[in-house]
Amino acid sequence: MFKKIITTSIALTAAVLISGCNAENGSNTAIDGVDGPHVTVSNGYVVTSMVFKNLSVEGGATLPIPNFSGSSISIGPDFQSAGTLLTLNLSVAEFWDNQDLQLDPHTLPGGRPLPTVSTGSLPAIAVVVPQLSNTVLYLGLDVIGFFVPFKLDTSGVIISTQFYNSEKVKVGTLSLVGADSNGENSGLLLLLSTELLGIGKNRAEYEATRSLY
């Protein structure tokens, strides 16, 4: 169905990535060629989406997440931009129900420690997206994370900034990950705090406040 492997080269400069403007007004660092990521909590789901503006695929697919039957990752054409839309739909109820899965801890693809995480790793599921090899979903008790691979012009550099939702409220961190020593495993890492997302500290607390979503 898909005939093109999604890769993109994003020009990064230190001035853009470490600019203090986002910390002051709640706006996120702009990534050339990418619209997003955007994060919302709606109808019991954490929805994360991003558009690769300069890339196109000929069809779409929705892929289930292992052990999360009501959650999925979707990839396909973005009709507004003619680019490619990637969307993660994670059921909050399933997230809390599956805290006993004892998932193996994962670092970044390739073995480097996760930035902004004291232990350098988090429980995670490797998600098979044919167009995006090494896509990883991190599911820690306090963190929901998403690594999306794509080619960056920088090598060896990892730069992290605060990440805000559409209401300009801080909900996590966004890291742009340069290639490793083998010239591989570059991409975008989004780590979201369950507390800052407002989805509770456990299933019971979530259910008690579910009407808010």
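Computed from the coordinates by the stated procedures, all read-outs in this text should not be read as laboratory data. Because the structure is predicted, anything quoted here is derived from the model rather than measured. We place every Cβ from the backbone using ideal geometry, glycine too, and count neighbours over all the protein chains shown.
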Helix-derived [θ] at 222 nm for the chain: sum -39500 (n - 2.57) over DSSP H runs of at least 4, divide by residue count, nearest 500? -2500 deg cm²/dmol
Within the chain, what is the number of lysine pairs with alpha carbons under 30 Å apart, leaving out pairs fewer than eight places apart on the same chain? 11
Multiplying the sequence separation of Glu207 and Gln162 by 0.36 nm and subtracting their Cα-Cα distance, what value in nm do you get? 13.4 nm
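Taking the Cβ of Thr194 as the centre, find all other residues whose Cβ is under 11 Å away and add up their charges (Lys, Arg: +1; Asp, Glu: -1).
Taking every Cβ under 11 Å from that of Thr194, the sum is -2.
For Asn67, what is the net charge nearby, where nearby means another residue's Cβ is under 10 Å from its Cβ and Lys, Arg count +1, Asp, Glu -1?
In short, -2.
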With Cβ to Cβ distances under 11 Å as the rule, what net charge do the other residues near Lys53 carry (K, R +1; D, E -1)? -3
Please list 3J(HN,Hα) in residue order for the range 114-124, calculated via the Karplus relation 6.51 cos²θ - 1.76 cosθ + 1.60 where θ = phi - 60°; whole Hz, with x for glycine and proline. 5, x, 6, 10, 4, 7, x, 8, 9, x, 7
Hey, quick one: spin label on Lys170, modelled 7 Å out along Cα-Cβ, who in the range 185-211 has an amide N within reach, i.e. under 11 Å? none
